[in-house]
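For reference, the structure discussed in these notes is given below.
The values are calculated or read from the model by the stated rules, or taken from the named source; none is laboratory data. All values derive from a computational prediction rather than experimental measurement. Ideal geometry is used to build each Cβ from the backbone, glycine not excepted, and the neighbour counts take in all protein chains shown. Accessible surface areas use protein heavy atoms only, side chains included; no ligands, DNA or RNA. Shrake-Rupley method; radii C 1.70, N 1.55, O 1.52, S 1.80 Å.
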Amino acid sequence: MRSAPDPLLLSLLRGDEPAAVSGDEWRRAAAAARAEGLEAWLYRRIARGASDVPDEVRDGLRVASAGVVARALALAAELATLLRALADTGVACAPLRGAALAELLYGDACARPAGDVDLLVRRADLDAVEKTLGALGFRPVDRRAGFAREFSYTLELARPGVVVEPHWTLAYPPFADALDMDRVWARCRPGRVVGEPALLLSSESLLLNLCLHLIHKAPDVPLLWLLDVDRLIRREAGAIDWDELLALTRSAGVERQVGAALRRVVDLLGTPVASRVLAALDVTRPAALDRLLVPEGGVDGRESLALLFALSGVRRRARYAAALLFPSPGFMTMEYGVTGPAGLALAYSRRARHLLWQGLRGTARLLRHI
């Protein structure tokens, strides 16, 4: 669980102009920014003024910002290559987060840190996507052959230095297949990302994805992701169709998740979200799985466990559980960095014990609320 935000950093995120700040306060804010993915943002923020920032703090933020830019430039180049290659094969593609979000919210594809390349594609195009990326040197990473397509929300393809995740939904398990993606695709519009033609999500679809991604990764969520939601709402205030957002969340059954994300941003950053929207997302009688999915439940792998309960059929559940507990050796090597029979055996044992324990905890939490 993350500690309370640094007071100075939070004040700056809210747009305040602190009157007098000590050198120690700046040092603490810079250290907090490092953990929150905000070093590049803070460097740009103090570049507009803040003459009382100690030189070593300013220099440290400048160096960190240069690192963010270097990595972002490399990923932007990869994204441009992918967009051209997919366009050549006739695959519709909407970049998710990463460079597309940085350009929209911060005016520069390199202004925001990113770890990999996320794309939205249609499920029917997965074969073409995998073939196209394979020609570029990417190789699939999966727990077991076919696992991701049957049970997940994205493929994962990697080559040294970069991972690409082609998503076919904006939601996450166990709601991945519940979201009306035809409705999402119908509201996409043509545009450009990193200089290449691409589809752009509608404002409400983008907001939905950011909120669900925030809850998907909670509680270990950097302040950067909350700032993204805040900036999107403020920037696109006149473009967000809130009724459309509510319709999408209701049809997928993710009102509680989206509501929790929006309330967190409102409470922390004072984001202007209408009370009627928050009220409409207030689920008075949450489903049993909702109780398991809340980050406060303390269950690691809560989405995987929720999907196990949501699956129909004993054989399908058994196939899913077996792949979770005992994925392929290749996956284990990439995930845990182990090689050789002894290292793999130990990693498998630890993984199975951990997942079984978390499964028992999650099951007990469900039973308490039935």
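Of the listed requirements (1) at pLDDT below 65; (2) open to solvent by less than 30 Å² (accessible area, probe 1.4 Å); (3) assigned to a loop (DSSP other than H, G, I, E, B), P327 misses just one: (1).
Inspect segment 118-137 for any residue being over 21 Å from R189 (Cβ atoms) and of a type in the set (S, T, Y) and give the result as yes or no. Checked segment 118-137: at least one residue is over 21 Å from R189 (Cβ atoms) and of a type in the set (S, T, Y). For segment 114-130, filtering for residues that are closer than 20 Å to P160 by Cβ and either among the charged types (D, E, K, R) or touching a helix residue (DSSP H, G or I) at 6+ places or on another chain (Cβ under 6 Å) (or both) leaves 5.
Here is a yes/no grid of residues against (1) free of Cβ contacts under 8 Å to residues at least 60 places away in the same chain; (2) outside any helix (DSSP H, G or I); (3) open to solvent by less than 10 Å² (accessible area, probe 1.4 Å):
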position	(1), (2), (3)
P190	yes, yes, no
L227	no, no, yes
R250	yes, no, no
R264	yes, no, no
L268	no, no, no
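Can you list the helices (runs of 4 or more DSSP H) found entirely within segment 1-87 that contain at least 2 residues being open to solvent by 40 Å² or more (accessible area, probe 1.4 Å) and touching a Phe, Trp or Tyr at 6+ places or on another chain (Cβ under 7 Å)?
Fully inside segment 1-87 and qualifying: nothing.
Cβ-Cβ contacts under 9 Å between residues 6 or more apart (or on different chains), taken from a first residue in segment 99-128 that is over 16 Å from A198 (Cβ atoms) to a second residue that is of a type in the set (F, W, Y) and open to solvent by less than 20 Å² (accessible area, probe 1.4 Å), are listed as R123/W168; A124/W168; L126/W168.
Could you tell me whether segment 214-224 includes any residue that is within 30 Å of L311 (Cα to Cα), part of a loop (DSSP other than H, G, I, E, B), modelled with pLDDT of 95 or more and open to solvent by 10 Å² or more (accessible area, probe 1.4 Å)?
No, there is no match, as no residue in segment 214-224 is within 30 Å of L311 (Cα to Cα), part of a loop (DSSP other than H, G, I, E, B), modelled with pLDDT of 95 or more and open to solvent by 10 Å² or more (accessible area, probe 1.4 Å).
The strands (runs of 3 or more DSSP E) found wholly in segment 93-188 and carrying at least 1 residues that are open to solvent by less than 30 Å² (accessible area, probe 1.4 Å) and over 24 Å from S205 (Cβ atoms) occupy 157-159, 162-167.
Of the residues that make up segment 198-205, is at least one in a loop (DSSP other than H, G, I, E, B), surrounded by 19 or more Cβ atoms within 10 Å (Cβ to Cβ) and either touching a Pro at 6+ places or on another chain (Cβ under 6 Å) or β-branched (V, I, T) (or both)? No: segment 198-205 contains no residue that is in a loop (DSSP other than H, G, I, E, B), surrounded by 19 or more Cβ atoms within 10 Å (Cβ to Cβ) and either touching a Pro at 6+ places or on another chain (Cβ under 6 Å) or β-branched (V, I, T) (or both).
Scanning segment 345-356 for residues that are without any contact (Cβ under 8 Å) to a residue 24 or more places away in the chain and open to solvent by less than 30 Å² (accessible area, probe 1.4 Å) returns a single hit, A347.
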